[in-house]
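Note sheet for the following structure.
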Amino acid sequence: MKMYFPIDDSPNKLYQQIGATIKEYYPLGLERNSKEYNEYPGIVKIEDKINYQMLNYNNYIKPWKSFLANLPRGYKSKVRDHSFAHEISFNGEMMLEQFENERVQIVKKLLFSVSGIGNYFNIHGIDETCLKLNDDETSFQRGVYNVINAVTISPYMEFQAPFYYIYDSIIKHFTGYNFISFSNCQIVVEGLQTPYSNMNECTVYNALFRDIYDYSPISNLRGNRFYKFGGNTQQL
């Protein structure tokens, strides 16, 4: 049985806030290609936001670039911007480990996002393997196959120190923003379709941040699933 996000009837205050944001911006139960969907006031706001970002990218990204440039010493050299103009969030990536040869690439990295439609942010670690295979030896066509081996959803093990580093930096700069754990981000919202995803029903992560996991099944979560569950965001 599929578990849906409690859009209207959760006693959790953070869930209530997330539900209100989703209903403000997305017409639940409507197809993304329908006239009614695209005329919904929240979708119009999102489209206007993205159009502005694409036409004025340098102005749009400037505050985020400033945030990244002013990160404290430590992991700063490992951090890079990972934002795109067609997304509704600012995004960054911290590369922690990387190994590559002609056949395989193994990556350990931290991804973080700050929503552009509500006071939310997310941080999670990724362990990913990429196989580089010659699918057609006659034409030397190379196939690339990625799999996410594990997602670390809280300050845990080797991700603990970098997680704290990004967490503290975000809450100092983005006052009043709430952390949403990746386990909550992956909950499906009944009837939700987002403009740039092809999924029939999208997740909280699609709604508030981005669509990068639509075709990357994720089953192995590490860490505390209830970390900051109540939205009590404070310096660690």
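The values are calculated or read from the model by the stated rules, or taken from the named source; none is laboratory data. Since this is a predicted model, take the numbers as computed values, not measurements. With ideal geometry, Cβ positions are generated from the backbone for all residues, glycine too; neighbour counts draw on all protein chains shown.
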**Q.** Residue that is nearest to Asn149 (Cα to Cα) [pool: residues in the stretch 188-231 that are touching a residue at least 12 places away in the same chain (Cβ under 8 Å), among the hydrophobic types (A, V, I, L, M, F, W, C) and surrounded by fewer than 17 Cβ atoms within 10 Å (Cβ to Cβ)]
**A.** Ile218
Q. Are any residues in the stretch 68-90 under 15 Å from the mean Cα position of the chain (by Cα), in a loop (DSSP other than H, G, I, E, B) and not hydrophobic (A, V, I, L, M, F, W, C), and if so, which ones?
A. His82, Ser83, His86, Glu87
(Q) Looking for something within 19 Å of Ile212 (Cα to Cα) and over 18 Å from the mean Cα position of the chain (by Cα) - is there at least one such residue anywhere in the stretch 106-123? (A) yes
Q) List, please: which pairs have Cβ atoms under 6 Å, are six or more places apart or on different chains, and start with a residue in the stretch 59-72 that is more than 16 Å from Ile171 (Cα to Cα) and end with one that is not hydroxyl-bearing (Ser, Thr, Tyr)? A) Tyr60/Gln53
Q) Would a scan of the stretch 57-75 turn up a residue that is closer than 21 Å to Ile212 by Cα, in contact with a helix residue (DSSP H, G or I) (Cβ under 9 Å, 6 or more places away or on another chain) and among the polar types (S, T, N, Q)? A) no
Q.
Taking the condition of being more than 19 Å from Lys65 (Cα to Cα) and either buried (at least 21 other Cβ atoms within 10 Å of the Cβ) or free of Cβ contacts under 8 Å to residues at least 24 places away in the same chain (or both), how many residues in the stretch 88-105 meet it?
A. 5
**Q.** Some residue of the stretch 63-86 being under 16 Å from Gln193 (Cβ atoms), at pLDDT 95 or above and charged (D, E, K, R)
**A.** no
Q) In the stretch 200-210, what residues are out of contact with any helix residue (DSSP H, G or I) (no Cβ under 8 Å at 6 or more places or on another chain), closer than 16 Å to Ile123 by Cα and part of a loop (DSSP other than H, G, I, E, B)? A) Arg210
Q. Scanning for something outside any helix (DSSP H, G or I) and at pLDDT 95 or above, does the stretch 46-56 turn up at least one residue?
A. yes
Q) Across the stretch 32-45, what is the total count of residues that are outside any helix (DSSP H, G or I), surrounded by 12 or more Cβ atoms within 10 Å (Cβ to Cβ) and either touching a His at 6+ places or on another chain (Cβ under 9 Å) or among the charged types (D, E, K, R) (or both)? A) 1
Q) Is the stretch 130-147 home to any residue that is free of Cβ contacts under 8 Å to residues at least 60 places away in the same chain and either in contact with a helix residue (DSSP H, G or I) (Cβ under 9 Å, 6 or more places away or on another chain) or buried (at least 19 other Cβ atoms within 10 Å of the Cβ) (or both)? A) no
